[in-house]
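Encoded as structure tokens, the structure appears first; notes follow it.
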Amino acid sequence: MDLEAHLPQTDKEHLIVHYPGKVKYIHNYLDNIEKNTKLKYLYILSPDVEQLKKDFFSQFKIVEAAGGLVLNKEGKVLFIFRRGHWDLPKGKMELDETKKQSAKREVMEETGLAKVQIIKKLITTYHIYRGQSSNRRILKPTYWYLMHAKGSKVTPQLEEDIELCEWKKLNAKALTQLVPIYHNIKDVMKAYLHLVQEG
């Protein structure tokens, strides 16, 4: 299959590059996408995906996180409102935790839910940002799980800047109406809706 035939054309929002196998090029690609505010998508093509992944990840400090898309008995999803955006409960993993343990702990801490049960793995998202003290690039993989809550009583964790916890119906309409919201969170929502459609 010709992958390039399925990609958009290079334009102001999309940059498509062929990776020549030298890490310095990845550094340059990342600099380019940080400096160019119109550029939204970077596609790096390589015949050796594992080497590309290794080289790409070498440019970052990795900070793992985990969280949940939580359903109640009515089938509504628990959203939080933090720092001006709708979000899903998540947080950094602790050293001695598994991904599932971390996801459950973070959900319960941030929402006040007494008990949640993991149903299945949903998706892994990736977020890039700069460290506040070192200014180093950080890559945050977040491991998302579909969960079920035992009960619906919630309390926002104010010390984590969470202003609201609200149960909302999640459908295709919510993808456009729930704003502002991060693209990564939309990806989690889409993964859930795809799961529901598959039945």
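Sort out which residues of region 150-174 are within 27 Å of Val63 (Cα to Cα) and in contact (Cβ under 8 Å) with a residue 12 or more places away in the chain, and write them in order of number. Across region 150-174, the qualifying residues are Thr155, Pro156, Gln157, Glu160, Asp161, Ile162, Glu163, Leu164, Cys165.
The conditions of being at negative phi, of a type outside the set (A, V, I, L, M, F, W, C) and either in a helix (DSSP H, G or I) or crowded, with 16+ Cβ neighbours inside 10 Å (or both) are met by Lys53. Looking only at residues that are surrounded by fewer than 15 Cβ atoms within 10 Å (Cβ to Cβ) and hydroxyl-bearing (Ser, Thr, Tyr) in region 92-143, which one is nearest to Asp55 (Cα to Cα)? Out of the qualifying residues, it is Tyr126.
So is Lys35 modelled with pLDDT of 85 or more, surrounded by fewer than 12 Cβ atoms within 10 Å (Cβ to Cβ), charged (D, E, K, R) and over 19 Å from Arg136 (Cβ atoms) or not? For Lys35, the condition - modelled with pLDDT of 85 or more, surrounded by fewer than 12 Cβ atoms within 10 Å (Cβ to Cβ), charged (D, E, K, R) and over 19 Å from Arg136 (Cβ atoms) - is not met.
Hey, does region 143-150 have a residue that's on the phi > 0 side of the Ramachandran plot and either part of a loop (DSSP other than H, G, I, E, B) or not assigned by TED's automatic domain parsing to the domain that holds Trp86 (or both)?
no
Here is the figure for region 67-119: residues that are of a type in the set (A, V, I, L, M), assigned to a helix (DSSP H, G or I) and in contact (Cβ under 8 Å) with a residue 24 or more places away in the chain total 2.
Take the conditions at pLDDT 95 or above, of a type in the set (D, E, K, R), closer than 11 Å to Gly67 by Cα and touching an Asp or Glu at 6+ places or on another chain (Cβ under 8 Å) and apply them to Arg105. Does it pass?
Numbers: at pLDDT 95 or above: yes; of a type in the set (D, E, K, R): yes; closer than 11 Å to Gly67 by Cα: yes; touching an Asp or Glu at 6+ places or on another chain (Cβ under 8 Å): yes.
Answer is yes for this residue.
Checked against the criterion of being touching a strand residue (DSSP E or B) at 6+ places or on another chain (Cβ under 6 Å) and of a type in the set (Ser, Thr, Tyr), region 75-98 has no qualifying residue. Among the residues making up region 120-141, those that are in contact (Cβ under 8 Å) with a residue 60 or more places away in the chain and touching a helix residue (DSSP H, G or I) at 6+ places or on another chain (Cβ under 6 Å) are Leu122, Ile123, Thr125. Would you be able to say whether some residue in region 56-65 is within 30 Å of Lys168 (Cα to Cα), of a type outside the set (Val, Ile, Thr) and at pLDDT 90 or above? Yes, because at least one residue in region 56-65 is within 30 Å of Lys168 (Cα to Cα), of a type outside the set (Val, Ile, Thr) and at pLDDT 90 or above.
The values are calculated or read from the model by the stated rules, or taken from the named source; none is laboratory data. If you're wondering where the values come from, they're calculated on a predicted model, not measured in any experiment. Note that each Cβ is placed from the backbone with ideal geometry, even for glycine, and that neighbours are counted across all protein chains shown.
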